[in-house]
1. If each residue of separation counts as 0.36 nm, what is the full-extension length gain between Glu211 and Ala237 once their alpha-carbon separation is subtracted?
2. Rolling a 1.4 angstrom probe over the protein heavy atoms, how many square angstrom per residue are accessible across segment 159-255?
3. Computing the accessible area with a 1.4 Å probe over protein heavy atoms, can you report the carbon and sulfur percentage for segment 164-250?
4. Once you compute Rg and the Kirkwood Rh from C-alpha atoms, what is the Rg to Rh ratio for segment 124-247?
5. What FRET efficiency, computed as 1/(1 + (r/R0)^6) with R0 = 22 Å and r the Cβ-Cβ distance, is obtained for Leu44 and Lys182, rounded to the nearest 0.05?
6. Any idea how far apart Leu246 and Thr204 come out in nm if each label point goes 7 Å out from Cα toward Cβ?
Amino acid sequence: MTGDDETLLLLSAYVDGALSPGEVLAMERRLAAEPDLRAQAERLRSLSGAVRATLAEVPAPESLRARIVQRIGFADPEPRRARLGSWPALAATLVAGIAVGASLGGVVPLGTAEAPSRPADAVLAGHLRGLAAPQPFDIASSDGHVVKPWFNGRTIIAPDAPDLSERGYPLAGGRIDIVDGKPVPTLVYRHDRHVISVTVVPATGDAPAGEERRDGTFIERWSAGDLTYWAVSDLNARDLRSFVALYRDRTARPK
């Protein structure tokens, strides 16, 4: 393998969010120093986005599913409704989402079967899916100027993604989650060994800001302008509040 081939493989993995945090940092240093490599990365991102959009618009025909079912002798189980407000049902949905994602060679947002009935359920499900996946992000980068524009064309919101590493909360990347049946952006931060998901949705004004706890996971909710933010993590409540306060301060719009 030549040096050019190895660089192309690393660049492709970088665009797909498949590099380790250390490799991401090394690649971003190279991109900053090599304009030609940076231009090649942008071309790969455009190509990857076009392929994803094309595949997403062409669902597999029902006739294909019927032939596969007939070939392997699989019979659909009797439908059974589950209450997703409970932990076992939520876990079952999570496993189903991961299995589908693995079979397609990528991460598939939860939204099939019975979608969580409340935004908080969907946000929590997205966070848990990220934790169970090989990596909790679709794009790995510590640079907010890379993560923020990555959402353009993928979601209707491209949130600010400040790097808070000097306070112990480095930006790790971003991913797409599903809330109310729509793709929404989620920023991924880290604190020690903990992952913090910040999901951003259009504000609805249906619930006040506050926090809640679900099976050891804390959820903080607040609104700013026409957006509502959800921060989810297994951090203790004090550290998550500190992160939220820091994030809100860094993203506050001047009055």
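The values are calculated or read from the model by the stated rules, or taken from the named source; none is laboratory data. These figures come from a predicted structure and were not determined experimentally. So basically every Cβ, Gly included, is an ideal-geometry build from the backbone, and we count neighbours across all protein chains shown. When the accessible area is computed, the model is the full protein with side chains, heavy atoms only, and any ligands, DNA or RNA have been set aside. Shrake-Rupley method; radii C 1.70, N 1.55, O 1.52, S 1.80 Å.
1. On the way: separation 26, 0.36 × 26 = 9.36 nm, distance 0.88 nm.
Fully extending the segment from Glu211 to Ala237 adds 8.5 nm.
2. Numbers: 4760 Å² over 97 residues.
With the other protein chains kept in place, segment 159-255 gives 49 Å² per residue.
3. Working: 1840 of 4000 Å².
Summing carbon and sulfur atoms, their accessible area is 46 percent of the total for segment 164-250.
4. On the way: Rg = 13.2 Å, Rh = 14.4 Å.
Radius of gyration over Kirkwood radius for segment 124-247 works out to 0.92.
5. Details: r = 27 Å, r/R0 = 1.22.
Once rounded, the FRET efficiency stands at 0.25.
6. Spacing of the two 7 Å Cα→Cβ label points: 3.1 nm.
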